1. For region 26-82, which helices (runs of 4 or more DSSP H) that fit wholly inside it have 2 or more residues that are modelled with pLDDT of 85 or more and exposed (fewer than 14 other Cβ atoms within 10 Å of the Cβ)?
2. For residue 97, work out the one condition from (1) within 19 Å of the chain's Cα centre (by Cα); (2) surrounded by 13 or more Cβ atoms within 10 Å (Cβ to Cβ); (3) not in a loop (DSSP other than H, G, I, E, B) it doesn't fulfil.
3. Could you please find all residues in region 152-179 being crowded, with 16+ Cβ neighbours inside 10 Å and either touching a residue at least 24 places away in the same chain (Cβ under 8 Å) or not in a helix (DSSP H, G or I) (or both)?
Amino acid sequence: MPKNLTEQKILDAAHKLFTHKGMNGARMQEIADEAGINKALLHYYFRSKDKLFERIFIESFSQLVPKLNILLDNKKTLDEKIKMFVNEYIIVLQHNSFLPLFILQEIQRDPENLYEKLSSAGFDSKVILNNLQTGMDLPVLQIKNLMINIIGLCVFPFAAKPLLNHVFFDNDEEAYCDFLEERKKSLPEFILNCLKY
């Protein structure tokens, strides 16, 4: 369904503000101002900030789903799958840095609702696990551990960014971004080395 220009302006503005301020920090008036519209028009398109955030979340998370499909490609080696997945996953998080904190909050607040949102964005853990088990010929528990470890190692630097930025990077955004670029290369090597033991 094509979006009209006003709706797209709202979604772009909301994405920008949710990325920089999170859901709780962004205000509807700020979103309206950023989109260049009045607040009444914003409420016409999206009745609440929750509805708007849910739309942004689903659109943003749906960018991750194709990245998971990298792990299902049986034409690629395990090394290739992990390298590509880590790189692509981190890129999506760099453009949608609000996702990890939102997901962590929703896990505590309403995990069933979160799972419905993830499913509506195309996530199906059973399909992923079944395909990985076939493609990698590993026990299910080992595959679950591998997936949780990879995702956790990708997500943590984003979820803990305020602390990491302060402790390790002296609040230097460029140094933090350099760290993420280096992590795209070093993390797959770390994961693959762990799998050898």
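The values are calculated or read from the model by the stated rules, or taken from the named source; none is laboratory data. Model, not experiment: these values are computed from the prediction. In this analysis, Cβ positions are derived from the backbone assuming ideal geometry, glycine residues included, and neighbour counts consider all displayed protein chains.
1. Working: elements: 28-35, 39-45, 49-61, 65-69.
Where helices (runs of 4 or more DSSP H) fall fully within region 26-82 and carry at least 2 residues being modelled with pLDDT of 85 or more and exposed (fewer than 14 other Cβ atoms within 10 Å of the Cβ), they are 39-45, 49-61.
2. (3)
3. Result: 153, 154, 155, 157, 158, 159, 161.
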